[in-house]
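The values are calculated or read from the model by the stated rules, or taken from the named source; none is laboratory data. Every value quoted in this text rests on a predicted model; they were computed, and no experiment measured them. Virtual Cβ from ideal backbone geometry, glycine too; neighbours counted across all protein chains shown. Keep in mind that these areas ignore ligands, DNA and RNA; they rest on the heavy atoms of the full protein, side chains included. Shrake-Rupley method; radii C 1.70, N 1.55, O 1.52, S 1.80 Å.
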Amino acid sequence: MADSSISVDKLKAFWRSQVHDEENWNFNMAFSMFGQMLRSEIRPDNFTYACVVRACCDKADLDRLKIVQGGAVVSGLGWDSICSSALVTAYSRLGHVDEASRVFYAMSESDQDLVMWNSMISGYGLLCVWDKGLKLFNEMRSLGRLPDGYTLVGLISGLADMSLIGVGQSVHGLCLKSCLDSDAYVGSALVSMYARCMCMDSACKVFGGLSQRDLVAWSTLVTGYCQCGDGEKALLVFKNVMIECRMVDHVLISSMLVATAQLANVRPGKEIHGYVLRHGLESDIMVSSALVDMYSKCGFLDEGMRIFEHMSDRSIISYNSIILGLGLHGLASRAFQLFEEILCIGVNPDQCTFSALLCACCHAGLIEDGKQIFRRMEDEFCLQPGTEHYIYMVKLLGTTGELEEAFNFIQSLPQPVDPGVWGALLSCCEMCGNSTMAGIVAQQLFQMEPEKGAYRVMLSKTYASDGRWSDVKKLRDEMIDGRLKRIPGLSWIGCSGNQIDNELLTC
């Protein structure tokens, strides 16, 4: 019996030391030790199972998590409040909210504490299933449970679309009523929510009201401007970060390199690269991949290739960056070679890999190769195509004059089709001078986005090239009567790169 007591103490001591020592944390050793415990006379208690469940969650090992749950059920601890709480949290964090829900609702109401409610709501937020999260939130409040900051952040995290801005504002109102809006954690989540919904004015206003602006809050604001395509403002915020925080992390650096790539201005990108080298961040895969992407999009493919070749460790993100760079520079054959290299070394391609490959096909005009890649994506790699892939396919077909095939391709897609896909076909019609097809496509877009004047301008140009002046006049009259405006195009040449040097962001 003494030996058993010593073993239990050793196990607990091991977990405590390993959990707090992240650098030397050894999941396999810990799980092996747990197996030895099961084979001995010592019976694990609810705390032991909860500890192993948390370890499986940290390791994102779903298979072992289910095995541990099965062991807990067999030992009679499956519905213990401590075990169940750990299981709900683990399944929610791993995105398996249905499993978490089964455990959650099998418990008594008295055992469903706020931590578990928050785990469930956050799990739905993680999957962007905001409606289920909101339903659960209302259920929680009907039972008299008061939400805290983590509850509201879980709700906010599921809102990732402009159409949901009303829901987000309602949650923001609840934050104000609960006096949680000034909390750094909640405030950063609100900034992120408004940024995802493309409402940067509101994001900036919330940011300005934060009593403590930590690096997370600054990073959220920078990332928001990058997501909205406003790289110039992102750079201005970054300058303020450097003044206030001085030290930045790899996440913020990567976001800034994205902003620089959007501006196609290599000067700030080189300055950030210098910061990376001075602070030893070049070994970070995310940073190196962003550098490859930035140099490629700024026209310095050789520099991007040099960084890629010197990377000691490469992920699929690294390969995607260089494949896209090669494709943008018309080097489709080299992009295809890298893709084959990915497959040979056992790296699994993702949706971004196929976007980069289709981009390469578009720039090189390789229709058959593009069709084959699109088929392989779904048939061979079981990856569901998205809007970006559809747009590339339409451009690939349309720019080579295959407008009817492009039209039939769109008709075969799951409905409703994103306006960007129809817009790509309208652009191809304008380029090919096919006013008949342009008129059909434009009608689809007018129904989807009646307030957008750019589509009428594109159709007007197509009619003009075909000599249909009466139709041109009719379209322009419609724009004037409906007060529709087209956002003017903008282009510039950054010779000195100091067009933003003397500007400051005021929130």
*Restricting attention to segment 394-404, which residues are open to solvent by 70 Å² or more (accessible area, probe 1.4 Å) and outside any loop (DSSP other than H, G, I, E, B)?*
Lys395, Glu404
*asked:* Residues that are in a helix (DSSP H, G or I), surrounded by fewer than 21 Cβ atoms within 10 Å (Cβ to Cβ), under 24 Å from the mean Cα position of the chain (by Cα) and at pLDDT below 95: does segment 327-335 have at least one?
replied: yes
*Report whether or not Gln411 is open to solvent by 10 Å² or more (accessible area, probe 1.4 Å) and over 30 Å from Phe446 (Cα atoms).*
no
*asked:* Return the residues of segment 104-129 that are part of a helix (DSSP H, G or I), of a type in the set (Val, Ile, Thr) and surrounded by fewer than 23 Cβ atoms within 10 Å (Cβ to Cβ); say none if nothing qualifies.
replied: Val115
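Somewhere in segment 239-247, is a residue β-branched (Val, Ile, Thr), modelled with pLDDT under 85, outside any helix (DSSP H, G or I) and open to solvent by less than 40 Å² (accessible area, probe 1.4 Å)?
Let us first name the residues in segment 239-247 that are β-branched (Val, Ile, Thr), namely 241, 243.
Then drop every residue that is not modelled with pLDDT under 85, which leaves 241, 243.
Now narrow it down to the ones that are outside any helix (DSSP H, G or I): none.
Looking through segment 239-247, none of the residues is β-branched (Val, Ile, Thr), modelled with pLDDT under 85, outside any helix (DSSP H, G or I) and open to solvent by less than 40 Å² (accessible area, probe 1.4 Å).
Taking the residues in segment 336-380 that are β-branched (Val, Ile, Thr) and closer than 25 Å to Met286 by Cβ as candidates, determine which candidate is surrounded by the most Cβ atoms within 10 Å (Cβ to Cβ).
In this case the residue turns out to be Thr353.
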*asked:* Residue pairs, Cβ under 7 Å, 6 or more apart or interchain, first in segment 432-453 and on the phi < 0 side of the Ramachandran plot, second part of a helix (DSSP H, G or I) and of a type in the set (D, E, K, R). List them.
replied: Ala438/Glu430
*Please work out which one of (1) part of a helix (DSSP H, G or I); (2) open to solvent by 10 Å² or more (accessible area, probe 1.4 Å); (3) free of Cβ contacts under 8 Å to residues at least 24 places away in the same chain; (4) within 23 Å of Phe300 (Cβ to Cβ) is the condition Val276 fails and give its number.*
(2)
*How do the pairs read when you match residues in segment 109-127 that are on the phi > 0 side of the Ramachandran plot with residues anywhere that are hydrophobic (A, V, I, L, M, F, W, C), using Cβ under 7 Å and keeping only pairs 6 or more apart or on different chains?*
none
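Which count do you get for residues in segment 162-204 that are among the charged types (D, E, K, R) and part of a helix (DSSP H, G or I)?
In the first step, residues of segment 162-204 are kept if they are among the charged types (D, E, K, R); the result is 177, 181, 183, 196, 201.
Adding the requirement that they be part of a helix (DSSP H, G or I) leaves 177, 196, 201.
Total meeting the criteria: 3.
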